[in-house]
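Following: one structure in structure tokens, then a few remarks.
Quick note: the coordinates plus some simple rules give every number you see, no bench work behind them. Model, not experiment: these values are computed from the prediction. Reconstructed Cβ throughout: ideal geometry from the backbone, glycine too, with neighbour counts over all protein chains shown.
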Amino acid sequence: MDEIDAPPALRSRLRKLSLERPDDLVLHLPLRYEDETRVIALADAPAGVPLQLEVLVVDVAVRFAPRRQLVVQVCDAGDQNAVLILRFLNFYGSQQRALEAARDDHFRLRVFGEIRDGFLGPEMVHPRCRVLTADETLPRSLTPVYPTTAGLPQSALRKLIARALKTVDLAEFLDLEWCNKHSLPPFATAVALLHSPPPEVSPMALQTRSHPAWRRIKFDELLVQQLSLRRAYLARRRKGAPLLPAAGQLAERLRAALPFALTGAQQRVVAEIAADLAQPYPMQRLLQGDVGCGKTIVAALAVCQAIEAGYQTAFMAPTEILAEQHYLKLRAWFEPLGVAVVCLSGRLGAGGRREVQRRAASTAQLVVGTHALI
């Protein structure tokens, strides 16, 4: 697949978002949307809500209290008694000159932002602002706002994505009858709508991602994840692993020496792990449980199975303290049964480490430690 057709500097910024091909752009979906499909009268505009106005510039001034800022007084293009302040804390000289020219030539401004109460009355701080030099129609779809990075403006992203949508073939891989049955739109339809939703689409459904187009995307993501997990599962099955038959003599001696009996859940998990270890492919299993529920004894019984099959076992803990605690407990369980246990940790001095490594390479059947084991 070809790279994105863009200057090198722009491609470098796109790569920060993992956007390297036109396909990546098509699947770079919006975070949220802004409604630029309508203009609100300033007198009716609520505070604290993103909205769009058409205004005339009344005055442009640079003020220095409490800091340097550009203050622009505007009035509603249809009601000059309705006044608003546009305030820019960071601005360029070219921006100031453009607003002064709009004032002198009586051009309209289209501004987008949130109105709030300010020291000089209702104001917008750093609104998106554009001079209208002719009668311009309003957009026919909601304006997407994409995840971006420094130096990559929304306008550039929108142009690149719009161009990619015209060239990338969004093939359908699900049965359309099945999709209709479950109220899922075709994939190409869903992607196109999310990039350019018509104004009649519920903004809340888009924002909460409950719209059918979002549901289709979420279904596809979940399906791809499950297929990937299945492929990984089959790949593991194709790998060989030594058979560790569950003879059970060492495990039975350990159970008999314990001052407690295994719970029903522990017995079930021990049996499942034992069955997995006896298979000719690697086991991949996560044992979950609260602190103190008995995960260590379950692991110790798996250790018994490996040792009985003639293999050495590593028992790794995330911290030095936990490794020491496990070592003391496992040594108390296993040494009376004739199993040699050693502990390898980063705190050992050079001499102690060499001795533990020597025993691990010769007589130790169970080696406990942190990532130092690796």
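Here are some notes:
- Counted over the chain, the DSSP beta bridges are approximately 75% antiparallel.
- In order along the range 34-43, phi translates into HN-Hα couplings of 10, 9, 9, 7, 8, 10, 9, 5, 4, 5 Hz, rounded to whole numbers, per the Karplus curve 6.51 cos²θ - 1.76 cosθ + 1.60 with θ = phi - 60° and x for Gly and Pro.
- Backbone geometry of the range 134-147 corresponds, through the Karplus equation with coefficients 6.51, -1.76 and 1.60 at θ = phi - 60°, to 3J(HN,Hα) couplings of 7, 5, 10, 6, 6, x, 9, 9, 5, 8, x, 10, 9, x Hz, x marking Gly and Pro.
- Over the chain, dividing the summed -39,500 (n - 2.57) contributions of all DSSP H runs of at least 4 residues by the number of residues returns a 222 nm mean residue ellipticity of -12500 deg cm²/dmol.
- Here the Karplus curve 6.51 cos²θ - 1.76 cosθ + 1.60, taken at θ = phi - 60°, turns the phi angles of the range 186-199 into couplings of x, 4, 4, 5, 5, 5, 4, 5, 5, 7, 8, x, x, x Hz, with x standing for Gly and Pro.
- Close amide H pairs (under 5 Å, H built 1.01 Å from N) link ALA77 with GLU54, VAL55, LEU56, residues at least 5 positions away or on another chain.
- Net charge of neighbours whose Cβ lies under 13 Å from the Cβ of PHE315, counting Lys and Arg as +1 and Asp and Glu as -1: +2
- Net charge of the neighbourhood of ARG103, taken over other residues with C-beta under 13 Å away and scored Lys/Arg +1, Asp/Glu -1, is -2.
- Tilt relative to the chain, helix 350-362 - C-alpha long axis, 0 to 90 degrees, to 10: 60
- Structure-derived semi-axes √(5λ) of the Cα gyration tensor in Å - corresponding label in (1) 52, 26, 17; (2) 66, 28, 20; (3) 31, 28, 18: (2)
- Least to most buried among CYS343, CYS293 (fewest other Cβ within 10 Å first): CYS293, CYS343
- Partners of LYS295 within straight-line reach, counting lysines whose Cα lies under 23 Å from its Cα and excluding those fewer than 8 residues away in the same chain: LYS329.
- Neighbourhood charge, 15 Å Cβ-Cβ cut-off, centred on GLU335 and excluding it, Lys, Arg +1 and Asp, Glu -1: +4
- The chain - percent relative contact order, Cα under 8 Å, separation 6 or more: 12
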